[in-house]
Structure formats: C-alpha cells, structure tokens
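> Take this structure first; my questions come after.
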Number of protein chains: 2
Amino acid sequence: MKSDEKAAFIKYLKDRGFKKTPQRQIILDKFLEMKGHVSADELFRALRRKYPHLGQSTVFRSIKLLQDAKIASEVNFTGKRRRFEPEHIKGHHDHLVCVNCGKTAEVLDQRIEKLQDDLVRRYRFTPLRHRLEIFGICRKCAS
Amino acid sequence: MKSDEKAAFIKYLKDRGFKKTPQRQIILDKFLEMKGHVSADELFRALRRKYPHLGQSTVFRSIKLLQDAKIASEVNFTGKRRRFEPEHIKGHHDHLVCVNCGKTAEVLDQRIEKLQDDLVRRYRFTPLRHRLEIFGICRKCAS
DNA sequence: ATTTGTGCAAATCATTTGCAGCAGA
DNA sequence: TCTGCTGCAAATGATTTGCACAAAT
C-alpha cells in the first residue's frame, strides 16, 4: 500500500527530473501515516520534533508535488486552513461532520455510490471522483 | 424570493438590536443576485464600482452576519479563498463539476437524498445539511 | 558540473481587529 | 442620546517566493 505510493512518487519525480530527497520522503511517509484531513501546518508540526531543520515552505512545496503526482488531494472542510488527504482514500468514503464537536466520521454506502453513477450517466457526465459531506450533530453531542 | 431573504435579514437584525444599514442591504442584494460560489473579495469588487467608499471589512463582517442569520453558508470548493452561497439553494441540489471547463451543473436525485437519510440514521447522526460534489468531465468536453 | 532543493526570512494574500468618527434607533 | 456601524489602517494567519547555500543527479 504505502510502498505503492512511495514508488509512484519516486517515479513521478524521476520522470520530470525532480530530485528524490529525504525531506520529500519523510513528508510523504508522515502524510500517509496521518491519513486524511491533514493541514500543511499539522504535518509540519508533526515532523519538526524529529526534524528540527525542516522548513515550513518545504512542507507546502512537497504537498503541492504530492497533489501534482495525484497522491494527495485537497479536501474541503470549512475553515481557513487547507486540508489534504491521500488520493487513494478519496471516493471511497463519505464524511459525516459534526458541527458541534467538529469530529468527522468516514462512512460508505454502496447504494449511494451506485445511485451516483446512475445520476451521472443521465447527464452524460464522466465522473472522476466525488465528495459527499453531511453536516449535522453526532450521537455523542446530541445526547 | 429575494424579498423573503431581505425580510428575514431585517428581522434578524431587529431581533438582536443590530442596525439596518444601507451597506448591509446592498451586500445582501448583491450576494443574492450573484447567486452561489461567491467569495468575499468578489462581492467587494463587484460593489466597489458603485460604492467606492465600501470597506472590505464591512463585506467580511456582513457575510458573517448572513451566515449567522442562516441566509448564507460557506461552500467548500478548492482554493484559498472562501466561497459562499445562499442558504436556500443549499441541500436542494448536488454539483457536477467539470474539471476541464470548470462549469458546474446543479442536479438532484431524490433517491440519493433518501439514502443519505438512511445512512445517517444508522449512525444516529442528525443531519442538518449536506454537500455532494461529483468531479469529472461534462458531456461537451468529452466529445 | 549542473541543476534542483532547502531553509530562512521577507513578501503576499485572505481575513480579522482596534479605533475614531458616523449614523441608525 | 446611546449604542452599534463604518472605513481605514494596522494586525494576524496562512501560504508563497527570493535567495544563497547544500545536496542530488
């Protein structure tokens, strides 16, 4: 799994004459390890304990590369920081976001996925990926 | 339609002792007129030709009021600017976003809406609103 | 040897806030 | 009049960029 992504990234770099650096590897590893909804800043903080010399900008630049390599993609929750998640997760789950405590649950209903395909077909639209977010109050907060 | 929202906003203001000012009215009007996916900055630029004295912060502050009054809500497309759309549009349609030409179609499938309710019930989650975006290639661009 | 990458600090972009004067209620 | 509102400018927060040095090919 992980090694798939690492290999893909290395190939991506090689293909365009970019360089394979420790920072990029470290950032990719951490990004995959944290799986989902990560902001650049969180990634940076998580890494800087271990690698105090790592620069913020390197994290931002690496995320951009990961997006370009289709390994990461932006998820759009509300707020002012941008968040990212591994591409391979995307399209495979939907989100229940609690507007009270902010927690997110990841869910999947194959019947919904199926109906989306139908919907899209009716519009002669070729789907690549999708995002479903349902905002509300989670069980805990409701009680 | 529009007057509904205007009345609601005025009531909202009155109810909490906030003031009904020309700026707030102008901003609400323009916001409704532009319907959907508007950023604070776009709203500001659209208005400043006609009202050169309007301040950016007033636009930001008014949008916040509109959100609070449940007239506007943040939509989460990708990018660094936050975007908003009228609340009455929300929850009533889903988006097909063409990644080639950038055009968005608004669609609705009641069966999907229905299944979402089921899904959510299984998680004892109380839904307030949701957003479904399907990214892909539209018919025009595909041909 | 050549070119790209990195860290730092400064720059920029979006958004927020403090404040002095202005305007609804 | 009283309190909230506005515009401005300055502050903050997130992200980007310029540059000199370091590292990968």
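> Over 10 Å from the mean Cα position of the chain (by Cα) and touching a residue at least 12 places away in the same chain (Cβ under 8 Å): does that describe A:Phe31?
The answer is no for A:Phe31.
> Same structure again: Just to confirm my filter: which helices (runs of 4 or more DSSP H) fall fully inside the stretch A:33-143 and include at least 2 residues that are over 19 Å from A:Glu5 (Cα atoms) and modelled with pLDDT of 90 or more? Working first, answer last.
On the way: elements: A:40-48, A:56-68, A:110-122, A:139-142.
The qualifying helices (runs of 4 or more DSSP H) are A:40-48, A:56-68.
> A follow-up question, please. Mind checking which residues of the stretch B:37-51 are within 12 Å of DNA strand D (Cβ to nearest atom) and either under 16 Å from B:Thr21 (Cα atoms) or among the small types (Gly, Ala, Ser) (or both)?
Scanning the stretch B:37-51 gives B:Leu47, B:Tyr51.
> For A:Phe18, indicate whether it is within 14 Å of another protein chain (Cβ to nearest Cβ), within 11 Å of DNA strand D (Cβ to nearest atom), surrounded by 12 or more Cβ atoms within 10 Å (Cβ to Cβ) and aromatic (Phe, Trp, Tyr).
no
The values are calculated or read from the model by the stated rules, or taken from the named source; none is laboratory data. On a predicted model such as this, the values are computed, not experimentally measured, just so you know. Positions of Cβ are generated from backbone atoms using ideal geometry, with glycine treated the same way; all protein chains shown enter the neighbour counts.
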